[in-house]
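I have placed the structure first, in the form of structure tokens, so that the comments after it can refer back to it.
The values are calculated or read from the model by the stated rules, or taken from the named source; none is laboratory data. The structure displayed is predicted, hence computed values, not measured ones. Positions of Cβ are backbone-derived with ideal geometry, glycine not excepted, and every protein chain shown enters the neighbour counts. Protein only, heavy atoms only, side chains kept; ligands, DNA and RNA dropped before computing areas. Shrake-Rupley method; radii C 1.70, N 1.55, O 1.52, S 1.80 Å.
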Amino acid sequence: MELILTEKEIQYLIDNYSKQDIKISITGINRFTIITPKADIPCEIIGVSKKSIDIQYEMGYVKHLLAKSFIKLDIPGLNWNQDIKQIEIRPFELIDFLKKPEFKNFSLNGFSVTPERIKLELGILLETT
């Protein structure tokens, strides 16, 4: 199963479901920038596993130090490793419709970003007994 969204559709979801004023700009293959009132954060997808997406971000020394000191993310499905400037996203724990029991055997077969679209590929894990 493939879920394909455009940058405009992603922005619509962010605008409607985020409490923050956040924008997203796709800047290349597997690269995007998160735009907030306080900082623009360039990001790159560096890995995809069966249940997670790893994103590396760039932030200046002072901004990163402030973020490490003052921002604490306690969101199921997000693991922020501030020491190596990476965020692990576990969509099956983060996205409400993917938390449903019928998705428990689904896997993440691919996640990619291009200037035209964001593509999420889902598969089914074989049950082992």
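Beyond a 20 Å Cα-Cα separation, which of these cross-linked pairs lie in this structure: 50/100; 19/85; 51/99? As for pairs spanning more than 20 Å Cα to Cα, those are 19/85.
Taking θ as phi - 60° and the Karplus parameters 6.51, -1.76 and 1.60, the scalar couplings of region 85-102 work out to 6, 9, 10, 9, 10, 10, x, 6, 10, 9, 8, 3, 5, 7, 7, 4, x, 5 Hz in sequence order, x denoting glycine and proline.
Find how much the distance from residue 65 to residue 107 grows on full extension, using 0.36 nm per residue of separation minus their present alpha carbon separation; answer in nm with one decimal.
Stretched fully, the residue 65-residue 107 segment lengthens by 11.6 nm.
Across the chain, the relative contact order, built from alpha-carbon pairs under 8 Å that are at least six residues apart, equals 27 percent. Using a probe of 1.4 Å, the accessible surface attributed to residue 9 totals some 80 Å² when neighbouring protein chains are kept in position. For region 1-75 and region 87-129, compute the distance between their C-alpha centroids and round to whole Å. For region 1-75 versus region 87-129, the Cα centre distance is 17 Å. Summing charges over all other residues whose Cβ lies under 15 Å from the Cβ of residue 7, with Lys and Arg as +1 and Asp and Glu as -1, gives +2. Within the shell of other residues whose beta carbon sits under 11 angstrom from the beta carbon of residue 36, the net charge comes to +1, with Lys and Arg scored +1 and Asp and Glu -1.
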